[in-house]
Structures are given as C-alpha cells and as structure tokens.
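The values are calculated or read from the model by the stated rules, or taken from the named source; none is laboratory data. Since the structure is predicted, the reported quantities are computational estimates derived from the model, not experimental observations. Neighbour counts run over all protein chains shown; Cβ positions are idealised from the backbone, glycine included. SASA here: full protein model, heavy atoms, side chains in, ligands and nucleic acids out. Shrake-Rupley method; radii C 1.70, N 1.55, O 1.52, S 1.80 Å.
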Amino acid sequence: MSMKRITVLLAEDHMVVREGFRRLLEAEDDLEVVGEAETGRQAVALARKLRPAVVVMDIAMPLLNGLEATRQILRAVPGTKVLILSAHSDDAYVQRATELGAVGFLLKQTSAHDLSKAIREVQKGNIFFSPSIDKRLHNHSQQPPNGGGALKKKIARLSPREMEVLQLIAEGKANKEVAAELGISIKTVEKHRQNLMAKLNIHEISGLTRYAIAAGIIESSVQLTIR
C-alpha cells in the first residue's frame, strides 16, 4: 500500500533556488511538490486552489511579501501549514511570522535534511525553527522583550489593504501600477496612500520605503531584484 504523500507548495521568487528546493523535496518518497509560485499573490491563489498540506514561503516575495501572503493563506485555507524561509533571521521577522500563524522558520541556507524534516514536523502539528533561531529564541525567552514595540504597534494599525499598498509603493510602483495590480481605482490607491502617510506620520516615498524595510514588509534587496 502506498503511503499518503505530504503535498507542498513552493513560494520563492528566484527560479534557480526554487528548482533546487523542488529537486531536494522530490527525492523524498513522502513529499510531493504540487505547485510553485514566484510572487506572494500567486502563492495565495495557488494555495486556495491546491490546498497543499504545507506552504514553503520565502519572505522577500515581489508584489505581496511572504508575511502578508501567509496571513491571507491561513485565512483562506486554515488547514494549511506555513513554513517561512528567509535569508535573514532577525527577531522582528521571526516574531512577525509566528504572530501571523507560521509554524516554522528556516534560514535559506538551510540543509536539505532540515527542510524535509521541517515539512514533516509541521505537518504533524509541531513547530520547527532552524537550530540557530531556536537557540536564540530560547535565550530571549529568559530576557524582557526588546524595544521594537512602537514599530509593531504601527504595523498593527495598518489594514491588510494598506499593507499591500505600502509594499507596492516601496517596490517603486506608480499609483497606476498599484491600482492595476490590486484591481482598484487610482483614486482608491491615492486614498490608501494618504491614510498610510497620516497613520505612520511619513510624508515622502523614500520614508515609506525605509519604513517597509525596517518593518520586514520588504527586504532591502527587493528593489534590486531583476524582474
């Protein structure tokens, strides 16, 4: 009798990295890659359609970052488990990912063994962090929380739509492009933009971009990504 395979959706914007992960996972008898996404928005659409057991999600995804995509996926497909992949292990990223419901966080330079093991663990209902993050989280739990609270409060005050608009603006998109991407009018984009600036007390685009990077909404390299 053949065993039931764990279905996996890979969400990673670099094709070479994605292909590498696919090969690693398909070498395992119990794992099956059922789809691949190269933007956060595509990841949400594919998760709704394919309902995979586990989504392996890169944070620095264009159009919709991995954290916001995670929030949307878990709202649409609550049974899916999300495992975050990132080149950075800053506490802010890890904390934000777990707050949004991700059940694991792996560093991108992780070994194949760790990735396969993490998928199996989260599928069983456990949580999984890269060993270095796990160790740091354990150390932090002995200490009072750091002073990142003000930034977190501001992020929490933004609506999901404002977060999407903020990311697209920070990626250098003009109002017209933001409107087309989100399927809303230019006027509505302008309104969201005004609300963002008022809520964050930031009144120029470069400031919004810096804020988006500091808040982990985009990674600083995202604007350099060749599209």
message: With an 8 Å Cα cut-off and a minimum separation of 6 or more residues, compute the relative contact order for the chain in percent.
response: 16
query: Which angle between 0 and 90 degrees, to the nearest 10, do you get for helix 112-123 versus the longest principal axis of the chain when only C-alpha atoms count?
result: 80
message: For residue 181, what accessible surface area do you get with a 1.4 Å probe? Give it in Å², rounded to 10.
response: 60
query: On average, how much accessible surface per residue is there in the chain, in Å², for a 1.4 Å probe, leaving out ligands, DNA and RNA?
result: 50
message: Considering only C-alpha atoms, what is the centroid distance from segment 1-40 to segment 53-115, in Å?
response: 15
With Cα atoms, 0 to 90° folded angle of helix 131-140 axis to the chain main axis: 60
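I'd like the Kirkwood hydrodynamic radius of segment 1-73, using the inverse of the mean 1/r over distinct C-alpha pairs, in Å.
Numbers: mean 1/r = 0.0818 Å⁻¹.
One over the average 1/r among Cα pairs gives 12.2 Å for segment 1-73.
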statement: With Cα springs under 10 Å, the Gaussian network model of the chain assigns the largest mean-square fluctuation among 44, 16, 122 to 16
Heavy-atom accessible surface of the chain: percent carbon and sulfur, 1.4 Å: 54
message: Which residue fluctuates most in the GNM of the chain (Cα springs below 10 Å): 66, 40, 183?
response: 183
message: Taking 29 Å as the cut-off for C-alpha to C-alpha distance, list the pairs among 108/191; 81/187; 4/108; 81/173 that go past it.
response: 108/191; 81/187; 81/173
field: Label-to-label distance, nm, for residues given as residue 98 and residue 120 (7 Å Cα→Cβ offset)
entry: 2.4
statement: Once both label points are put 7 Å beyond Cα along the C-beta direction, the residue 22-residue 76 separation in nm becomes 2.0
statement: For segment 62-133, using Cα atoms only, the Rg and Dmax in Å read 11.6, 31
task: Quick one: net charge around residue 19, please, counting Lys, Arg +1 and Asp, Glu -1 for every other residue with C-beta under 15 Å from its C-beta.
output: -2
- line: Both in Å, the radius of gyration and Dmax of the C-alpha trace of segment 1-125 are 13.0, 45
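Kindly provide the Kirkwood hydrodynamic radius of the chain in Å, to one decimal, from all pairs of distinct alpha carbon atoms.
18.2
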